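What follows is a short report on a single structure.
The values are calculated or read from the model by the stated rules, or taken from the named source; none is laboratory data. All of these numbers come straight from a predicted model, not from anything done at the bench. Note that each Cβ is placed from the backbone with ideal geometry, even for glycine, and that neighbours are counted across all protein chains shown.
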Amino acid sequence: MKKKYNSLSKLMTPDFMFEHYYDITPEFLLSQGIEALLIDIDNTLAPYEQDVPDEKIISWFDSLKSAGIRSALISNNHPPRVELFNTPLGLPAYADSGKPGKKTLLIAMKEMGSTFDNTAGLGDQLFTDTLAVHKLGMPSLIVPPIKDKTTLFFRSKRFLERPFIKKYKKTHADSTRTVS
Ligand SMILES: [Mg+2]
């Protein structure tokens with residue numbers, strides 16, 4: 001399975017792109033054999049300044065849970081941010097996760113009892129979120145950042161992501177899931 005992402009281009013190109021996290025349905029996940037999700041917080045579920053989940057986020061997690069899909073929060077942000085955000089959700093949650101490192105992902109998978117064959121990642125950044133799960137041979141779901149930081153560092157990262165987003169769009173030109 002790991003051989004699937006055996007080049008830089010494959011490591012960096014997401015498998016699925018959605019406009020919003022809530023466009024990802026339990027039906028879609030199950031149709032892809034995905035029963036567990038490793039989920040980024042910042043700019044994937046909520047902007048940096050939103051410190052607690054809104055109703056939409058809570059009901060999306062409820063829908064996953066009802067379908068038997070397990071979730072864990074995997075954030076590179078610090079513990080206070082992650083703990084506060086997770087309070088109403090009560091999920092396995094990991095701060096300072098060190099993505100694109102894979103160590104925290106493996107710990108979370110162990111806690112969820114999921115495997116390389118039924119786990120995927122959801123995030124907004126190719127260099128951290130996509131790369132981390134692809135290194136483990138698992139699929140990456142990506143949404144555009146909810147509210148991008150406009151610092152030079154972040155703008156440079158987005159610029160470097162562009163060829164891989166382009167590649168995704170080219171490969172999935174016929175897909176209704178493609179972000180326009
Ligand atoms: Mg993020």
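One residue is enough: does segment 139-153 have a residue meeting the conditions of a type outside the set (Asp, Glu), closer than 22 Å to Leu64 by Cβ and either loosely packed, with under 14 Cβ neighbours inside 10 Å or more than 15 Å from the ligand (Cβ to nearest atom) (or both)?
Yes, the conditions are met somewhere in segment 139-153.
List the pairs whose first member sits in segment 75-90 and is more than 14 Å from Ala108 (Cβ to Cβ), whose second member is modelled with pLDDT of 95 or more and within 12 Å of the ligand (Cβ to nearest atom), and whose Cβ atoms are under 6 Å apart, counting only residues at least 6 apart or on separate chains?
Note: pairs meeting the criteria are Asn77/Asp42; Phe85/Ile41.
Looking at segment 13-37, which of its residues are within 16 Å of the ligand (Cβ to nearest atom) and of a type in the set (A, V, I, L, M, F, W, C)?
Met17, Phe18, Ile24, Leu37
Just checking, which of Glu55, Glu49 is modelled with pLDDT of 95 or more, farther than 15 Å from Ile24 by Cα and surrounded by fewer than 16 Cβ atoms within 10 Å (Cβ to Cβ)? Can you show your working first?
On the way: Glu49 fails: modelled with pLDDT of 95 or more.
Every option except Glu55 fails the conditions.
Given the structure, is Thr130 within 13 Å of the ligand (Cβ to nearest atom), among the β-branched types (Val, Ile, Thr) and modelled with pLDDT of 90 or more?
On the way: within 13 Å of the ligand (Cβ to nearest atom): yes; among the β-branched types (Val, Ile, Thr): yes; modelled with pLDDT of 90 or more: yes.
So Thr130 passes the test.
State yes or no: is Lys10 away from the ligand (no atom under 14 Å from the Cβ), touching a residue at least 60 places away in the same chain (Cβ under 8 Å) and either under 19 Å from Val143 (Cα atoms) or in contact with a helix residue (DSSP H, G or I) (Cβ under 9 Å, 6 or more places away or on another chain) (or both)? Steps first, please.
Working: away from the ligand (no atom under 14 Å from the Cβ): yes; touching a residue at least 60 places away in the same chain (Cβ under 8 Å): yes; either under 19 Å from Val143 (Cα atoms) or in contact with a helix residue (DSSP H, G or I) (Cβ under 9 Å, 6 or more places away or on another chain) (or both): yes.
Judged against the criteria, Lys10 is a match.
Taking segment 110-127 as the region of interest, how many residues are within 14 Å of the ligand (Cβ to nearest atom) and free of Cβ contacts under 8 Å to residues at least 24 places away in the same chain?
0
Return the residues of segment 38-73 that are under 16 Å from Gly113 (Cβ atoms) and within 14 Å of the ligand (Cβ to nearest atom); say none if nothing qualifies.
Leu38
Looking at Ser156, is it without any contact (Cβ under 8 Å) to a residue 60 or more places away in the chain and within 14 Å of the ligand (Cβ to nearest atom)?
So Ser156 fails the test.
Tell me yes or no: at least one residue of segment 55-62 is within 13 Å of the chain's Cα centre (by Cα) and touching a residue at least 12 places away in the same chain (Cβ under 8 Å).
No, segment 55-62 contains no residue that is within 13 Å of the chain's Cα centre (by Cα) and touching a residue at least 12 places away in the same chain (Cβ under 8 Å).
As an exercise: evaluate Gly90 against (1) away from the ligand (no atom under 16 Å from the Cβ); (2) surrounded by fewer than 18 Cβ atoms within 10 Å (Cβ to Cβ); (3) not in a loop (DSSP other than H, G, I, E, B) and give the number of the one condition it does not meet.
(3)
For Leu30, state whether it is at pLDDT 95 or above, surrounded by 17 or more Cβ atoms within 10 Å (Cβ to Cβ) and not small (Gly, Ala, Ser).
It is false that Leu30 is at pLDDT 95 or above, surrounded by 17 or more Cβ atoms within 10 Å (Cβ to Cβ) and not small (Gly, Ala, Ser).
The conditions are (1) surrounded by 17 or more Cβ atoms within 10 Å (Cβ to Cβ); (2) more than 16 Å from the ligand (Cβ to nearest atom), and Ile107 fails exactly one of them. Which is it?
Checking Ile107 against (1) surrounded by 17 or more Cβ atoms within 10 Å (Cβ to Cβ); (2) more than 16 Å from the ligand (Cβ to nearest atom), the one that fails is (1).
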